[in-house]
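Nothing in this text is a laboratory measurement; each read-out follows from the coordinates by a stated rule. Worth saying up front: this structure is predicted, and the values here are computed from it rather than measured. Every residue, glycine as well, gets a Cβ built from its backbone with ideal geometry; the counts of neighbours run over all protein chains shown.
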Amino acid sequence: MRVLITGGGGFLGSHLSDAFIARGDEVYVLDTGSIIKVRHLLDSPGFHYVHDSIFNLELLDGLVAKADLIYHLAAVVGVEHYVADPYQTLNVNVNGTQNVLKAAYKYNKRVVFGSTSEVYGRNPKVPWSEHDDRVLGATSVDRWCYSTSKAVGEHFCFAYHKMGLPVVVLRFFNVYGPRLDRLDVGRVFTIFMGQLLRGADITVVGDGSQTRCFTYVTDAVKGMVQAGLKQEAVGEAINIGTEVETSILEFARLMIKLYGASKSKIKLVSQEEIYGSSYEDIPRRVPDTTKMRTLLGVTPKVSLEDGLRLTIDWFESEQQKG
Ligand code: UDP
């Protein structure tokens, strides 16, 4: 099978590429970014890296035409990006997604769209099943543009599905693992990891009682692969995550324990110090994973402790390589 992965040079895309290459499939990555996360695949005969954009319509058309399956993961993600550059977030996540769907529709190719648990916003009723409400703030607050951009992408997916295109929408819940982000930026793991390596204090926002359901990347990737293969998944939105809820304070303590040698201590900081005043944290983020288990046949297996150990080890060994 020939798989096209837009944004395949990113964290999820690089692990998804590993999975399809391991199955013996051919992978075409289309990405504007660096090859660093897929450089280990460059010698695999079935792996192709196309350093270009989903806004290059001619190129996109050619890649879609020869693909059997498309994963659309190219997007602006990460709080620091969507608060700093809402235009680019909306443009890439809405208009770029339309480009991919339009081309897929022309050739009738299945699209698996990478969406996010952010679409539920701050809905206080957890766990969230896929038909639960989206509860968001005002459009004058940039913080919500990422959630909205992904929700518009989902609407486009369902609109195309109505016109006959096979689409699957996946909503990821705090996936982590090797190659996540650069140290000190991006998501909470890489920020804490950078602090641990430097022996700096671990900046827990608020009182650390906010919770997340951390999902190890190999568990998420199993769900992603099945979303591309299983007929039952077509036309569905599916949460990809675990139901094990962990507070950020517990997460910080566990990282300190597993890292061992660090001099780091926990330091409670205000939200403004980390994100500025326009940000609003989500107090609890918990998926209902019934559809992941029943439609995709995937149950997450890796515990937070095991997954964190693997991830911490990976970041430590990368740091030692320099
Ligand atoms: N967080 C924290 N300290 C930091 C960075 C993040 O306590 O230095 C918290 C953040 O407030 C949030 C959680 O970690 O409650 C997860 O943040 P992340 O950006 O990884 O993902 P989110 O689930 O919020 O999209």
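When the convex hull of its Cα atoms is viewed from all sides, the stretch 269-322 shows a mean projected area of 7.0 nm². Under a 5 Å amide H cut-off, with hydrogens placed 1.01 Å from N, Ile202 pairs with Lys265, Ile266, Lys267 among residues at least 5 apart or on other chains. Give the share of C-alpha pairs in each 20 angstrom bin for the chain, from 0 to the last occupied bin, in whole percents, shortest bins first. Calculated P(r), rounded to whole percents: 33, 60, 7. The alpha-carbon positions of the stretch 187-237 define a convex hull whose volume is 107 Å³ per residue. Note: the stretch 38-80, Cα convex hull, 111 Å³ per residue. Could you pull out the pairs from Lys150/Lys257; Lys66/Lys222; Lys265/Lys291; Lys150/Lys222; Lys66/Lys150 whose alpha carbons sit more than 31 Å apart here? Where the Cα-Cα span goes over 31 Å, the pairs concerned are Lys150/Lys257; Lys265/Lys291. One way to sum up the overall shape of the stretch 217-279 is the equivalent ellipsoid from its Cα gyration tensor, whose semi-axes run 35, 19, 9 Å, largest first. The value given for the stretch 113-261 is a Kirkwood hydrodynamic radius of 17.1 Å, derived from the mean inverse Cα-Cα separation. Helical content alone sets the calculated 222 nm signal of the chain at -12000 deg cm²/dmol, taking -39,500 (n - 2.57) per DSSP H segment of four or more residues and averaging over every residue. Modelled label positions at Ala159 and Ala261, each set 7 Å beyond Cα in the direction of Cβ, lie 5.5 nm from each other.
Annotation: Cα Rg of the stretch 174-317 relative to the compact-globule expectation 2.2 N^0.38 Å equals 1.12. With 0.36 nm allotted per residue and the present C-alpha distance subtracted, the Lys301-Asn95 stretch has 70.6 nm of extension available.
Taking each full run of DSSP H in the chain as one helix, which ones are at least 15 Å long along their axis (Cα atoms) and have mean Kyte-Doolittle hydropathy of at least -1.0? If you can, show how the numbers build up before the last one.
On the way: long enough: 11-22 (17 Å, 1.05); 97-107 (16 Å, -0.59); 145-162 (25 Å, -0.26); 188-198 (16 Å, 1.34); 217-229 (18 Å, 0.73); 248-259 (16 Å, 1.14); 304-321 (25 Å, -0.94).
Correct list, ordered by number: 11-22, 97-107, 145-162, 188-198, 217-229, 248-259, 304-321.
So, with +1 on the Cβ of K and R and -1 on the Cβ of D and E, and no other charges, what is the size of the charge dipole of the stretch 144-233 about its Cα centre, to the nearest 20 debye?
Working: 10 positive and 7 negative charges, 50 e Å.
That gives a dipole near 240 debye.
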